[in-house]
Amino acid sequence: MSNTPPTSPNGKDRSKKGLPGPARWYWFYILLLALILLPYLFGKGLGAKQLNWQEFEQSILPKHAVERIVVVNGQTAQVYIKPSFVNDPYFREVLKPRFGSGIRPGPHYELAIGTIDLFERKMADAQRNTADKEKIPITYETTRNWGIAIFEWILPLVIMLVLWRFLLGRMGTGDIGGGSSIFNFGKSTATLHEKEDKSTVTFDDVAGLEEAKTEVKEVVDFLKDPARYTRLGAKIPKGVIIVGPPGTGKTLLVKAVAGEAQVPFFSISGSEFVEMFVGVGASRVRDLFRRAKEKAPCIVFIDEIDAVGRSRGRNAFYTGANDERESTLNQLLTEMDGFSTNSGVIVLAATNRADMLDPALLRPGRFDRHIYLELPSQLERKAIFKVHMRPLVMAGDVDVDFLAAQTPGFSGADIANICNEAALIAARRKKDKIERVDFMDAIDRIIAGLERKSKILSPTEKTIIAYHEAGHAVTSWYLPHVDPLSKVSIIPRGKALGAAWYLPEERQLRTELELTEKLSATLGGRAAEQLVFGEVTSGALDDLEKVTKEAYKMVAYLGFNEKIGQVSFYDSTGTYESSLQKAYSEATGRLIDEEVRKLVDKAYQAALELLTEHRPQLEALAQFLLKKEVVYQEDLVGLLGKRPVAEAQVIEGPQSH
Ligand code: ADP
């Protein structure tokens, strides 16, 4: 804490003035209250006695004591009594003043009248026998109650003043992280991470990603010591784009850059630029870069840049082009061109769809460095596990190598999640240390969702599920090119009623045979139902979806079909993604559909045949599942026999891809 004198919200020092701020406001409130109450304290109507018509007609009128009547606002009749009646015992009370001597000024009585009409009629009736001369004069007056009037005027004024002060206050403080007040919706909503709360992430916290780290280290070096580069005339990249699937550590890498370089960093998500109002995005971009330049050297991090940087003109077919996004993108391009290369602002952007980005954004001088992040390999996963296990209290039996082997296809974020989940599970089990079994359960939970043992299934349903899962297991067991099976369970998890776990090998390439066998294994569940029960259930929805997608991929994208030939309709640029147009003719479309159907049918037949052949094993496994609910790899060997080994597929090398 610093010991500078306290300042008011809008920055002015109050101690210079005689009165401290709040005291001045008290005076204002007291004055206001006095103004409002004044008319009530000294007002005209004060002290008049309230009457009703009967009293007035019977006790006052007959005495001929009324001097005049004033009807105020058509509601109240104010009665003035002649001063000469001051000694009359009846009127003394109202005519004598409370203090001093003389006559008290009227009105002396007040009575509520219904309507003016009614009152006049009653008066006329009451004075029927009175001579015209002596009739009581009635006048009409419209007055305002000043108390209420002032209130009516002052209150809105006060409300406005208070509101104004509030908004001004917001404007004063709304400079950073604003965007919420009506005055600064054009301002950038980027959050500034200043030195004080600067990123504490370092490269040590980023496991694996060695190539990416080498690339960004240069950015760190430049931010730390720009002279070393500029002296040699080198130009530093203005923008670095980090591309990779979600959870692979893009944000983490940027945080590490900021943490290592010890510079402030602005972070904003691409979607925050695009708002409902046209022009807001562009002005936010301008504002962001203005602020960044003030803070240079610094890092601007734009997450999900595809929200603004998507190829222009795409989807023009039915959206009529998204003007707002385009103008935002144009502004971004202009800004990136606008600041000189060595101004000390480096823009880092992250996306998982680099193919969607506008080529203009990627050209030299803008985001000219591209860093590709992949899902981590087994070694990298091991390193990531180690990073996230650092703060955990671990038991000795946890084998990091084993965990890394069990988690193919997991991203860094998944692994971070597993570690946390394992800790939670261990805590729930009231353990002192996190054990291997907690990690295993955490992995299962993340792959397949939480076990829901409470889900009610009828015995028939359970049997069907057992045969369905056994069908997957048996087909994949006897098809040599399918990934090895590690576990089968019929405990409902998440939405699934049962599940089979595979250990995919880490390879980038898959052969046609492997993919076809995988189709059969996926259809094995339904085939088992067909074989055993003679009818099929809705339980295969998920399998069928997978099979359909995979089969279309094989036929239309991978060139695995003879009739379609070596053509691929895969569209990495996404041009056709959302248009109604197709990249192929209708005849080809029909052929693709036909071939997909043939392929799937063949795979299904293969599954049926395999299961017929191994019917005893299918029965044995299903019964085992019904008894134990879970089957592990060790038991599978006992039940199904040794798994046939795939003959090495001959791929003559060397080949380049
Ligand atoms: P994204 O690529 O979607 O931006 P993040 O950078 O936000 O992913 O990663 C999410 C979390 O995953 C990180 O906070 C971190 O805990 C974990 N993580 C991802 N990759 C790694 C890695 N290489 N090393 C350590 N942790 C990682």
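The values are calculated or read from the model by the stated rules, or taken from the named source; none is laboratory data. No experiment lies behind these values; they were computed from the predicted model shown. Heads up, the Cβs are rebuilt from the backbone with ideal geometry, glycines too, and the neighbour counts pull from every protein chain shown.
A few remarks follow.
- Search result, residues across the range 409-441 that are under 13 Å from residue 384 (Cα atoms) and of a type in the set (Phe, Trp, Tyr): 410
- Considering the range 370-397, the residues that are touching a Gly at 6+ places or on another chain (Cβ under 7 Å) and under 24 Å from residue 349 (Cα atoms) include one that is nearest to the ligand (Cβ to nearest atom), namely 384.
- Residues that are touching a residue at least 24 places away in the same chain (Cβ under 8 Å) and either of a type in the set (Asp, Glu) or outside any helix (DSSP H, G or I) (or both) within the range 85-97 comprise 88, 93, listed in sequence order.
- The range 125-150, subset surrounded by 11 or more Cβ atoms within 10 Å (Cβ to Cβ) and small (Gly, Ala, Ser), residue modelled with the lowest pLDDT: 147
- Residue check, residue 176 modelled with pLDDT of 65 or more, farther than 19 Å from residue 371 by Cβ and of a type outside the set (D, E, K, R): no
- Of the criteria (1) surrounded by fewer than 14 Cβ atoms within 10 Å (Cβ to Cβ); (2) away from the ligand (no atom under 16 Å from the Cβ); (3) within 19 Å of residue 505 (Cβ to Cβ), which one residue 406 fails: (1)
- Annotation: residue 427 fulfils all but one of (1) in a helix (DSSP H, G or I); (2) surrounded by 14 or more Cβ atoms within 10 Å (Cβ to Cβ); (3) of a type in the set (A, V, I, L, M, F, W, C); the unmet one is (2).
Here is a yes/no grid of residues against (1) of a type in the set (Gly, Ala, Ser); (2) not in a loop (DSSP other than H, G, I, E, B):
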residue	(1), (2)
410	no, no
439	no, yes
463	no, yes
470	yes, yes
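- In this structure, residue 400 does satisfy being of a type outside the set (Gly, Ala, Ser) and within 16 Å of the ligand (Cβ to nearest atom).
- Of the residues making up the range 409-428, just one is touching a strand residue (DSSP E or B) at 6+ places or on another chain (Cβ under 9 Å) and either within 13 Å of the ligand (Cβ to nearest atom) or in the same structural domain as residue 243 (by TED's automatic domain parsing) (or both), namely 419.
- With respect to the conditions (1) under 20 Å from residue 241 (Cα atoms); (2) surrounded by fewer than 22 Cβ atoms within 10 Å (Cβ to Cβ); (3) modelled with pLDDT of 80 or more; (4) in contact with a helix residue (DSSP H, G or I) (Cβ under 7 Å, 6 or more places away or on another chain), residue 312 lacks only one, and its number is (3).
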